[in-house]
Amino acid sequence: MMHLLSREESEKRERDTLSPLAAQSADTLGRCHGEEEHPLRTAFQRDRDRLIHSTAFRRLEYKTQVFVNHEGDYYRTRLTHTLEVVQIARSMARFLRLNEDLAEAMALAHDLGHTPFGHSVEAVLQELVIDAGGFEHNAQGLRCVDLLETPYPDFPGLNLTYEVRSIFTKKSSMAELLRKGYADPGSQRFIRGPRQPLLEAQIVDLADSIAYNSHDVDDGIKSGLLSPEMLEEVPLWREVWKSVRGRDESSCRHAAIRELINLQVTDAAEESLRRMSQPSQPIPVPESGEYPPLGVIPRQIEFSTAMRDSDRSLKDYLHSNLYHHPQVTRQMDRAQEMIRRLFQAYFQSPEQMAPQFRMRLAKEPKARVVCDYIAGMTDRFAEDEYISLFLPPSLVARNR
Ligand code: MG
């Protein structure tokens, strides 16, 4: 007689089939607020589902990755970027027998703290709230899932497991994020947990980079700001372009992007397996009892040396020729100016903000609340707000 697969059976499956280096959902350090386990879903599966149903996740659809959201329906947005990261992270986790559900949940969460209009606005917010603890998108991602999402009556945030939340401690430690007000105060109990930084987090970090390299090349070519021929000065592109040449232009581009992803994922999986098979150097436990952020530990999930160099030169090329292309920076300058003026307007007249943000003013510094309000906006909401606050109604009516 068939029966539903129980959580305990899924946990046993993880134990029986995953690498000894994988995170096991049954061994989670748990959540800030106590909850009953689900009878069917593991802790990480449940986190994945909570993230998909969150408001911040839905808003990713209308946030800029590189090309501003209204520039065309065929460019990547933060949502489609996130889904590509999920796909690559799941594949790599599966190849390496690591925890796919955890990698998927982390990938879904990894960009939740991004502002509208991409990285350029991050720099503006950082400057505007520097005295109130600054702004950084990973830290903001944690703030989002810990404090700003409010689907439950009994506690703030999504109450995710410590492991999924650790995707946000890439740049700063949990203790630091807690001190600056980015984390749920219940995080205190996770500060002294001597754990290795998770391999699933390293997978998502690398998958993020593989995804944006390839889709930015793709969108860059499609927009006409880059061309396959110009890109030939990048050795990695030269290699993939040579292997697909001879078809029509559009199918060549598709084949080249597929090959680019495939080469990077395969290289990373093979090199990571080699590193995971070597006896690992124990990472010394610092006095605080907390492991350092992801960025400062020796990585086990990594490209080979040759691919790392190739990857570097592709990134350098994209920086100079796409991210700083006058057509892209023009939009970014415009976005920065808009965000500066919105910040000033809400700071001077907080009653212009949505009610749930006005309510926060009683317990948090005004600069932080305004920053949260702006960071959570989609591109088009920020533009609509700008128009209604600063443009004369007659001009707005004429342009509609
Ligand atoms: Mg990303």
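Seen from a random direction on average, the alpha-carbon convex hull of segment 298-366 projects onto 8.8 square nanometres.
Each listed q (0.09, 0.19 Å⁻¹) maps to a log10 I(q)/I(0) for segment 238-390 from the Debye sum over equal C-alpha point scatterers, namely -0.63, -1.07.
The three principal axes of the C-alpha atoms in segment 195-259 carry coordinate ranges of 51, 23, 21 Å, sorted with the longest axis first.
With distances taken between every two different alpha-carbon atoms, segment 1-42 has a Kirkwood hydrodynamic radius of 11.6 Å. Helical content of the chain, expressed as a calculated mean residue ellipticity at 222 nm, amounts to -16500 deg cm²/dmol (DSSP H runs of 4 or more residues, -39,500 (n - 2.57) each, divided by residue number, nearest 500).
Relative to the current alpha-carbon distance between K363 and E351, full extension at 0.36 nm per residue lengthens the span by 2.7 nm. Shape analysis of segment 104-202 places it in the rounded category; the axes a ≥ b ≥ c from the Cα gyration tensor give an a/c below 1.5.
Potential lengthening of the chain between M1 and E337 amounts to 114.5 nm, from the contour at 0.36 nm per residue minus the alpha-carbon distance. The Cα-based radius of gyration and maximum Cα-Cα distance (Dmax) for the chain are 22.1, 71 Å. Put in line by how crowded their Cβ is, counting other Cβ atoms within 10 Å and starting with the fewest, H3, H53 read H3, H53. Diffusion coefficient of segment 57-143 by Stokes-Einstein, Kirkwood radius over Cα pairs, 25 °C, 0.890 mPa s: 175 µm²/s. Here the residues Y386, Y317, ranked from fewest to most Cβ neighbours within 10 Å of their Cβ, fall in the order Y386, Y317. Can you list, bin by bin at 5 Å, the percent of alpha carbon pairs in segment 1-139, starting at 0? Using 5 Å bins, I get a P(r) of 2, 9, 15, 17, 16, 14, 11, 8, 5, 2, 0, 0, 0 for segment 1-139. Evaluating 6.51 cos²θ - 1.76 cosθ + 1.60 at θ = phi - 60° for every residue in segment 88-102, the Karplus couplings come out as 5, 5, 5, 4, 5, 4, 5, 4, 9, 6, 9, 7, 4, 5, 5 Hz, glycine and proline recorded as x. How large is the direction-averaged shadow of the alpha-carbon convex hull of segment 142-187, in nm²? Approximately 2.9 nm², given one-decimal rounding.
Reducing segment 1-55 and segment 77-110 to their Cα centroids gives an inter-centroid distance of 16 Å.
Here K171 is the anchor, and the lysines within straight C-alpha reach of less than 27 Å, apart from those fewer than 8 places off in the same chain, are K63, K180, K315, K363, K366. If you build a Gaussian network model of the chain, linking Cα atoms that sit under 10 Å apart, which residue out of L18, L40, L51 swings the most? Judging by the Gaussian network model, the answer is L40.
Pairs of Cα atoms in segment 326-400 fall into 10 Å distance bins, from 0 up to the last occupied one, in shares of 17, 46, 29, 7, 0 percent.
Where the alpha-carbon atoms of segment 152-223 are placed on the principal axes, they occupy 48, 32, 20 Å, in descending order.
Laboratory data are not the source of any read-out in this text; all were calculated from the coordinates shown. Please read all numbers here as calculations on a predicted model, not as lab measurements. Note that each Cβ is placed from the backbone with ideal geometry, even for glycine, and that neighbours are counted across all protein chains shown.
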